[in-house]
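Heads up: the structure comes next, in structure tokens.
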Amino acid sequence: MKKSRLLITIMIVSIIALSGCWVKNTVETMNEQQNQDMNEPVSEQDAEVKNPIFPQTEERPVAVMIDNEGVARSRHSGMDKAYAVYEMVAEGGETRFMALFKGVNPEVIGPVRSSRHYFLHYALEHDPIYVHFGWSPLAERAIGDLNVNNINGIKGLDGGIFWRNPDKRGDWHNAFTSMEKIKSMMDEKNYRDKTNVTVFKYNASELELTDGKQAHNIKIPYSYYRTANYRYDQSSGTYKRFQGENPHTDAVSKAQYSAKNIIIAFVKNYPLNDGTTAGRQQMDTVGSGKGYYITNGKYTEITWNKSAKTAKTEFRYENGSEITLNNGQTWIQIVPVRADVSIK
């Protein structure tokens, strides 16, 4: 009898011990799985990150062409609220911006400038409403051929949503709009306001380029007189942006523009043979090439591939996996292939 009781006691103790091990292993497995999940890239719609800057909504984005010539550089407004900004070369060695907005309502955006056809190749990846003030002949044709939902300020077409700053008359770098006015024109034109298109993937937890090289000072020359510079600010974990040596600031918020992610893509450009002397550019956006991804004080080499004008540009690490972005604003620098980019 005593032996039976002893045997039962041993069996009970063993079951409790095994149950404890099962619970411990289950918790450890759950924690491990949770840690893995936190490092999985997430889409724009599914991401849940503290104070996200990138869009988490099905709202259709708005892409606005922004002037960067002459006095326009001191009038930039609203780009600090964009989730992504593309910079590309235009005629005469100047550059132009395309700012993408989603889920924000800047009261001033501009100065708005005219479209160039190759900007459309990147705009259409995002399925946006495309906002511009005029267009080149090729851009006008492409907007029609590609059935782009656009808002155009030139010749009074959609001029009701634009205004001129009364303190800055006498030049063409002076057309501004707001998200409220853009949305009112979207309603008037009966444009679709939702999208399921996802372009960028974001990290649920902060990504460190552990195998990357140091990147604290970035110099991106587009021409001998137009250069974009970034300097890493360790306190904020972002790159402060400069136009030449001058801080690139917003005319409304007075804040210096900064980037959490910088993508540099080398793309061939050359003068467009359009029978004019305007010096407009052609750009080989379709194809493949090399570049860099920069974040958190480091950079790594990447490749880009775009199979068609309207296809998504795939940015990949050298091992072939698609890059994922950290939470924050992204600047995409589409740079001439011969540009002597410096990263130190």
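The values are calculated or read from the model by the stated rules, or taken from the named source; none is laboratory data. Quantities reported herein were computed from a predicted structural model and do not represent experimental measurements. All Cβ positions, glycine included, derive from the backbone under ideal geometry; neighbour counts span all protein chains shown. These accessible areas exclude ligands, DNA and RNA; they are computed on the full protein's heavy atoms, side chains included. Shrake-Rupley method; radii C 1.70, N 1.55, O 1.52, S 1.80 Å.
Of all residues in the range 305-344, those being within 23 Å of Ala204 (Cα to Cα), of a type outside the set (Val, Ile, Thr) and touching a residue at least 12 places away in the same chain (Cβ under 8 Å) number 12. Where in the range 286-344 are there strands (runs of 3 or more DSSP E), lying fully within it, with 1 or more residues that are open to solvent by 30 Å² or more (accessible area, probe 1.4 Å)? Because the criterion is at least 1 residues that are open to solvent by 30 Å² or more (accessible area, probe 1.4 Å), the strands (runs of 3 or more DSSP E) in the range 286-344 that meet it are 287-295, 298-306, 314-317. Candidates Gly134, Gly110, Gly93: the one that is free of Cβ contacts under 8 Å to residues at least 24 places away in the same chain and touching a strand residue (DSSP E or B) at 6+ places or on another chain (Cβ under 8 Å) is Gly134. If the condition is being within 22 Å of Arg60 (Cβ to Cβ) and either basic (Lys, Arg) or out of contact with any Phe, Trp or Tyr (no Cβ under 6 Å at 6 or more places or on another chain) (or both), then the range 81-99 contributes Lys81, Ala84, Phe97, Ala99.
Of all residues in the range 254-284, those satisfying the criterion of being in contact with a Pro (Cβ under 9 Å, 6 or more places away or on another chain), at pLDDT 95 or above and farther than 23 Å from Asn203 by Cα are Gln256, Phe266, Val267, Lys268. Listed here are the strands (runs of 3 or more DSSP E) enclosed by the range 184-280 that have at least 3 residues being surrounded by 15 or more Cβ atoms within 10 Å (Cβ to Cβ) and touching a residue at least 12 places away in the same chain (Cβ under 8 Å): 217-223, 226-233, 238-243, 261-266.
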